[in-house]
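Peer 1: A single structure is presented below for examination.
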Amino acid sequence: MPKVDVWLSNSVLDAAQRAAQLERTGVDGVFSFENAHDVFFPLVAAAPACSLDLMTNVAIAFPRSPLHLAHAAYDLHALSGGRFRLGLGSQIRTHVERRYGATWGKPVDHMREVVAATKGILDGWQSGTSVPFRGAYTTHTLMTPIFDPGPNPYGVPKVLVGALGPRMSAMAAEVADGVLVMPFNTERHMRERTAPAIESGLRTAGRSRQDIEVVAEVIVATGRTEEELAAAAAARFIVAFYGSTPAYRPVLDVEGWGELQPELNALSKRGEWQSMASLVDDDVFGRIAVRGTPEEAATEIARRFPDCDRICAYFPGYSPSDELIAEFTAAVKGAA
């Protein structure tokens with residue numbers, strides 16, 4: 001039976017209250033999302049207000065030092081009593097360079113270093129034996145006692161990596177504690193590209209499937225009534241938004257929809273955001289997102305992702321009631 005995670009809150013301001021509310025719906029965990037607000041602060045507020053699992057989904061890795069990531073993960077793991085997982089993502093070059101003002105290199109190699117360095121720092125604090133790390137993107141050779149927090153009473157937090165392409169997926173399975181399968185995905189892309197890449201990474205590292213978490217991130221458009229389903233159709237926009245990004249074209253290519261990507265991209269560059277969703281027809285929407293009643297959505301999730309350990313459910317563009325979230329969560333657990 002997979003565990004179910006849902007989005008917590010945009011802002012730290014209402015995160016504690018929202019975490020307590022979501023716990024009552026029966027979900028297993030909550031995640032924060034790096035958009036208009038800090039990705040760590042909402043989880044700091046939520047940690048003492050609930051007993052749910054907590055995860056960044058995702059913290060953008062390249063603008064941050066692995067030492068910063070290690071400190072944040074250590075403190076959130078301690079504050080939550082061992083319930084925190086650090087989810088990392090690469091973003092795309094335009095955002096890394098122009099929004100974050102950071103450096104873009106070879107993303108798979110860079111992410112490998114970030115994971116290795118962050119895990120190395122955390123392991124060094126836990127064991128009391130820090131091992132110098134030297135890489136092409138980051139170097140850590142100094143850890144004086146005053147800056148070492150010592151062993152975490154709840155152990156070392158897991159580090160997971162958001163991945164879409166086969167190289168990032170394989171690398172994540174090889175070196176991280178889990179793979180966050182990005183939500184712009186289809187059953188065919190998962191079966192033909194992502195799953196084989198994860199298996200390849202595990203073989204390279206001499207690991208087994210039990211050594212990592214595989215988390216399916218899913219765009220969910222669910223409702224009980226015609227009105228609720230109509231509101232949930234607003235999720236079509238996020239499919240269009242993701243689809244406009246060249247990095248996501250391989251998903252469209254697998255399905256034979258590759259020419260949709262430059263069309264969406266052209267609209268985005270002209271700022272015609274509202275027109276983008278009209279290019280995503282029901283077939284595209286239904287194969288990338290999961291639609292229908294809670295039971296129908298849960299059945300489709302179980303069919304697409306039978307071997308995943310957790311389901312991260314997104315409800316973009318609309319706000320399902322807590323009662324609907326509870327029904328969806330129960331249905332996902334019942335369909336497994």
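The values are calculated or read from the model by the stated rules, or taken from the named source; none is laboratory data. These figures come from a predicted structure and were not determined experimentally. All Cβ positions, glycine included, derive from the backbone under ideal geometry; neighbour counts span all protein chains shown. Note: areas computed on protein heavy atoms with side chains; ligands, DNA, RNA excluded. Shrake-Rupley method; radii C 1.70, N 1.55, O 1.52, S 1.80 Å.
Peer 1: Pull out all pairs, ordered by first then second residue, where Cβ-Cβ is under 7 Å, the residues are six or more apart or on different chains, the first lies in the stretch 144-166 and is more than 30 Å from Arg188 (Cα to Cα) and in contact (Cβ under 8 Å) with a residue 40 or more places away in the chain, and the second is assigned to a strand (DSSP E or B) and of a type outside the set (A, V, I, L, M).
Peer 2: What qualifies is Pro157/Phe84; Pro157/Arg85.
Peer 1: Where the second residue is modelled with pLDDT under 95 and open to solvent by 30 Å² or more (accessible area, probe 1.4 Å) and the first is at positive phi and lies in the stretch 241-258, which pairs have Cβ atoms under 7 Å and are six or more apart or on separate chains?
Peer 2: Note: no pairs meet the criteria.
Table: residues versus (1) touching a Ser or Thr at 6+ places or on another chain (Cβ under 8 Å); (2) farther than 15 Å from Ala176 by Cβ; (3) touching a residue at least 24 places away in the same chain (Cβ under 8 Å).
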residue: Ala73; (1), (2), (3): yes, no, yes
residue: Arg83; (1), (2), (3): yes, yes, yes
residue: Ile92; (1), (2), (3): yes, yes, yes
residue: Arg98; (1), (2), (3): no, yes, no
residue: Ala102; (1), (2), (3): no, yes, yes
residue: Lys106; (1), (2), (3): no, yes, no
residue: Leu122; (1), (2), (3): no, no, yes
residue: Gly128; (1), (2), (3): no, yes, no
residue: Pro132; (1), (2), (3): yes, yes, no
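Peer 1: Filter the stretch 184-209 for residues that are over 23 Å from Cys312 (Cα atoms), without any contact (Cβ under 8 Å) to a residue 24 or more places away in the chain and in a loop (DSSP other than H, G, I, E, B) and give the result. Let's see the steps before the verdict.
Peer 2: Residues of the stretch 184-209 that are over 23 Å from Cys312 (Cα atoms), as a first pass: 200, 203-207.
Those left that are additionally without any contact (Cβ under 8 Å) to a residue 24 or more places away in the chain: 203, 206.
Answer for the stretch 184-209, where residues must be over 23 Å from Cys312 (Cα atoms), without any contact (Cβ under 8 Å) to a residue 24 or more places away in the chain and in a loop (DSSP other than H, G, I, E, B): just Gly206.
Peer 1: Right, here's the next one. I need the full set of residues from the stretch 1-24 which are open to solvent by 50 Å² or more (accessible area, probe 1.4 Å), of a type in the set (A, V, I, L, M, F, W, C) and either touching a Ser or Thr at 6+ places or on another chain (Cβ under 9 Å) or assigned to a loop (DSSP other than H, G, I, E, B) (or both), in order please.
Peer 2: Met1, Trp7
Peer 1: For the stretch 108-144, give me each residue that is small (Gly, Ala, Ser) and either open to solvent by 60 Å² or more (accessible area, probe 1.4 Å) or more than 20 Å from Ser90 (Cα to Cα) (or both). It would help to see each step written out before you state the result.
Peer 2: The first filter runs over the stretch 108-144 and keeps only residues small (Gly, Ala, Ser), leaving 116-117, 120, 124, 127-128, 130, 135-136.
Selection gives Gly124, Ser127, Gly128, Ser130, Ala136.
Peer 1: What residue, among those in the stretch 44-68 that are in a helix (DSSP H, G or I) and in contact (Cβ under 8 Å) with a residue 60 or more places away in the chain, is farthest from the chain's Cα centre (by Cα)?
Peer 2: Among those residues, the one meeting the criterion is Leu67.
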